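Participant: My questions will all concern the structure given below.
The values are calculated or read from the model by the stated rules, or taken from the named source; none is laboratory data. Because the structure is predicted, anything quoted here is derived from the model rather than measured. With ideal geometry, Cβ positions are generated from the backbone for all residues, glycine too; neighbour counts draw on all protein chains shown.
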Ligand code: FAD
């Protein structure tokens, strides 16, 4: 046990964790960040840190012996394969009714995500965080988040001319022909770098299909934005391959128990540290699982009954459309999506035109839709299995499918095309088994106060996607970052 008391311990190194650690350190507070995934700073035997989407290996998945790719099949063939069990970067975490994909490592979801940096329209903000003043978010915290993350739009002339976005231009054309509004979506990819990739002057990254299992060059993950600033403060220690398993009240704050892992997931040491304040930034699922377990097992008995409640999937549902032979989507597809179809107002769906970076012509248009859904699940502690369960039901996705159909049935009818039935199984149209956007489980203003202070235990905070009640209407990481910026500003001003 460490005798010294850490002023602030942050569990997790994703968006919420990085914002919190940076602002605390800038305010003069020493911070210890604990991350169960790897550091992702050392190349493998192929000279690359991360594996390619088309050739997943042990680096690609968190503690699985077989890949679990979001698209499980292609042209009727299952594509998953055996891999060595390893602390890889993408976790396909399975609950009874849904698989939740999450990033694992220093940088959290920023390591694996598509980089779409979307600020919701101000008119929809009341649907997302009704207790938060939109004026402060749109005046201060969304601009701050977008600036720190480096969100930017594609250069229009290049978008129109490059082979790498033919799939997006086809997606736009079909949206336009069916009178759907479309939007260009800012991303955190370095657009100059992508243009250089096409020119052949730098190593290919987005144009080599690097997404999902990490990006080796152009994507401005947290490794290129908040984390270098965090290190530059000199006040933050980051322990990778360390997992927090318990937080209990103790004199001076909280006693935190941490397991050190090896790269096969084995526990090699158990450590304890006392922290004056603890910030839960383990992601919606990670934070919810910890809090639900700690309440149920009596470690944090005063947490209220809202802990574990209000979890949603951001209405995620995927589908593909089969295009005519005269509408090829291209054998070269940038892995970074940058166009969305916005039918939120009329049909409750915002669909990103997504790549299928297979390296060959698929004649398929592929979409990830974010939809309006009322369904919310709850995390509960299961003493029989010593695990946390999630009450999500697969059938609940039917609402999301209906919303997505408001876009794609119309496009199919206009174009005389059909849905692909080979991407998620055999004769299965909808990718309704998963989410990339877990949100909620410790909702702002319910499990916590209006700035993330957990009710019942002073000095404990939630700072990540667990605060958001199940939807952000668009892709979530800009909102998670902006909310963390808002909350930590208040917490530093009043609690330190
Ligand atoms: P996370 O980023 O999930 O970070 C939590 C961290 O905590 C992780 O590193 C985890 O390993 C660690 N952790 C968990 N439990 C513990 C523990 N007990 N001890 C120590 N550490 C722990 N969003 C967008 O806005 N745009 C996109 O284009 C986009 N694409 C996506 C594509 C994919 C494939 C995926 C999986 C997600 C995508 N997302 C996207 C979602 C986005 O990445 C997440 O919403 C975001 O990362 C959540 O941020 P967070 O701070 O809540 O937690």
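Participant: Are any residues in segment 275-327 free of Cβ contacts under 8 Å to residues at least 60 places away in the same chain and closer than 25 Å to residue 407 by Cβ, and if so, which ones?
Facilitator: 325, 326
Participant: Is one or more of the residues making up segment 212-231 farther than 30 Å from residue 163 by Cα, surrounded by 20 or more Cβ atoms within 10 Å (Cβ to Cβ) and in contact with a strand residue (DSSP E or B) (Cβ under 6 Å, 6 or more places away or on another chain)? Give the steps one after another, and end with the answer.
Facilitator: To start, the set of residues in segment 212-231 that are farther than 30 Å from residue 163 by Cα comprises 226-231.
Narrowing further to those that are surrounded by 20 or more Cβ atoms within 10 Å (Cβ to Cβ): 226-227, 230.
Right, trim to in contact with a strand residue (DSSP E or B) (Cβ under 6 Å, 6 or more places away or on another chain) and you get 230.
Yes, some residue in segment 212-231 is farther than 30 Å from residue 163 by Cα, surrounded by 20 or more Cβ atoms within 10 Å (Cβ to Cβ) and in contact with a strand residue (DSSP E or B) (Cβ under 6 Å, 6 or more places away or on another chain).
Participant: Condition test on residue 48, is it over 19 Å from the mean Cα position of the chain (by Cα), part of a loop (DSSP other than H, G, I, E, B) and modelled with pLDDT of 95 or more? Please lay out each step first, then the result.
Facilitator: On the way: over 19 Å from the mean Cα position of the chain (by Cα): yes; part of a loop (DSSP other than H, G, I, E, B): yes; modelled with pLDDT of 95 or more: yes.
When the stated conditions are applied, residue 48 passes them.
Participant: Is at least one residue of segment 102-117 outside any strand (DSSP E or B) and more than 9 Å from the ligand (Cβ to nearest atom)? Spell out the reasoning first.
Facilitator: Residues of segment 102-117 that are outside any strand (DSSP E or B), as a first pass: 104-115, 117.
After this cut, where a residue has to be more than 9 Å from the ligand (Cβ to nearest atom) as well, the list is none.
No, segment 102-117 contains no residue that is outside any strand (DSSP E or B) and more than 9 Å from the ligand (Cβ to nearest atom).
Participant: Which of the following residues is more than 14 Å from the ligand (Cβ to nearest atom), in contact (Cβ under 8 Å) with a residue 24 or more places away in the chain and either within 15 Å of residue 109 (Cβ to Cβ) or assigned to a helix (DSSP H, G or I) (or both): 8, 25? Walk me through how you get there before you give the answer.
Facilitator: On the way: 8 fails: either within 15 Å of residue 109 (Cβ to Cβ) or assigned to a helix (DSSP H, G or I) (or both).
The match here is 25.
Participant: Within segment 386-400, which residues are farther than 20 Å from residue 319 by Cα and surrounded by 20 or more Cβ atoms within 10 Å (Cβ to Cβ)?
Facilitator: To start, the set of residues in segment 386-400 that are farther than 20 Å from residue 319 by Cα comprises 386-392.
Within segment 386-400, 388, 390, 392 qualify.
Participant: Same structure again: Quick check: anything in segment 134-153 farther than 22 Å from residue 13 by Cα and free of Cβ contacts under 8 Å to residues at least 12 places away in the same chain? Spell out the reasoning first.
Facilitator: Within segment 134-153, the subset farther than 22 Å from residue 13 by Cα is 134-140, 152-153.
Now restrict to residues that are free of Cβ contacts under 8 Å to residues at least 12 places away in the same chain: 135, 139.
Yes, there is a match, as at least one residue in segment 134-153 is farther than 22 Å from residue 13 by Cα and free of Cβ contacts under 8 Å to residues at least 12 places away in the same chain.
Participant: Additional query: Residues of segment 338-389 being within 21 Å of the chain's Cα centre (by Cα), within 16 Å of the ligand (Cβ to nearest atom) and in a loop (DSSP other than H, G, I, E, B), which ones?
Facilitator: Correct list: 338, 355, 356, 357.
Participant: Could you check residue 257 against (1) buried (at least 19 other Cβ atoms within 10 Å of the Cβ); (2) within 11 Å of the ligand (Cβ to nearest atom); (3) outside any loop (DSSP other than H, G, I, E, B) and say which number it fails?
Facilitator: Result: residue 257 fails condition (1) only.
Participant: Which of the residues that make up segment 412-450 are within 16 Å of the ligand (Cβ to nearest atom), part of a loop (DSSP other than H, G, I, E, B), over 21 Å from the mean Cα position of the chain (by Cα) and modelled with pLDDT of 95 or more?
Facilitator: 447
Participant: Among 221, 246, 239, which is the only one that is within 12 Å of the ligand (Cβ to nearest atom), under 21 Å from residue 387 (Cβ atoms) and in contact (Cβ under 8 Å) with a residue 12 or more places away in the chain?
Facilitator: Values: 221 fails: under 21 Å from residue 387 (Cβ atoms); 239 fails: under 21 Å from residue 387 (Cβ atoms).
On inspection, the qualifying residue turns out to be 246.
Participant: State whether one or more residues within segment 34-45 are out of contact with any helix residue (DSSP H, G or I) (no Cβ under 8 Å at 6 or more places or on another chain) and at pLDDT below 95.
Facilitator: yes
Participant: Out of the residues in segment 28-64 that are on the phi > 0 side of the Ramachandran plot and within 15 Å of the ligand (Cβ to nearest atom), which is surrounded by the most Cβ atoms within 10 Å (Cβ to Cβ)? Let's see the steps before the verdict.
Facilitator: Looking only at segment 28-64, we keep the residues that are on the phi > 0 side of the Ramachandran plot, and these are 28, 40, 47, 63.
Right, trim to within 15 Å of the ligand (Cβ to nearest atom) and you get 40, 63.
On the way: 40: 19, 63: 15.
Per the criteria, the residue is 40.
Participant: From (1) in contact with a helix residue (DSSP H, G or I) (Cβ under 9 Å, 6 or more places away or on another chain); (2) part of a helix (DSSP H, G or I), pick out the condition that doesn't hold for residue 192.
Facilitator: (1)
Participant: Let me ask you something else. Take the residues in segment 70-95 that are in a loop (DSSP other than H, G, I, E, B) and within 13 Å of the ligand (Cβ to nearest atom), then tell me which one is farthest from residue 382 (Cα to Cα).
Facilitator: The first filter runs over segment 70-95 and keeps only residues in a loop (DSSP other than H, G, I, E, B), leaving 70-72, 75-76, 79-81, 83-86, 88-89, 95.
With within 13 Å of the ligand (Cβ to nearest atom) added as a condition, the list becomes 70-71, 88-89.
Values: 70: 28, 71: 31, 88: 27, 89: 27 Å.
Checked segment 70-95; the qualifying residue farthest from residue 382 (Cα to Cα) is 71.
Participant: List the number of the failed condition for residue 67; all other conditions in (1) buried (at least 18 other Cβ atoms within 10 Å of the Cβ); (2) under 19 Å from residue 228 (Cβ atoms); (3) more than 13 Å from the ligand (Cβ to nearest atom) hold.
Facilitator: Looking at each condition in turn, residue 67 falls short on (2).
Participant: Could you list, in sequence order, all residues of segment 455-479 that are surrounded by 24 or more Cβ atoms within 10 Å (Cβ to Cβ) and either part of a strand (DSSP E or B) or away from the ligand (no atom under 13 Å from the Cβ) (or both)?
Facilitator: Answer for segment 455-479, where residues must be surrounded by 24 or more Cβ atoms within 10 Å (Cβ to Cβ) and either part of a strand (DSSP E or B) or away from the ligand (no atom under 13 Å from the Cβ) (or both): 460, 461, 462.
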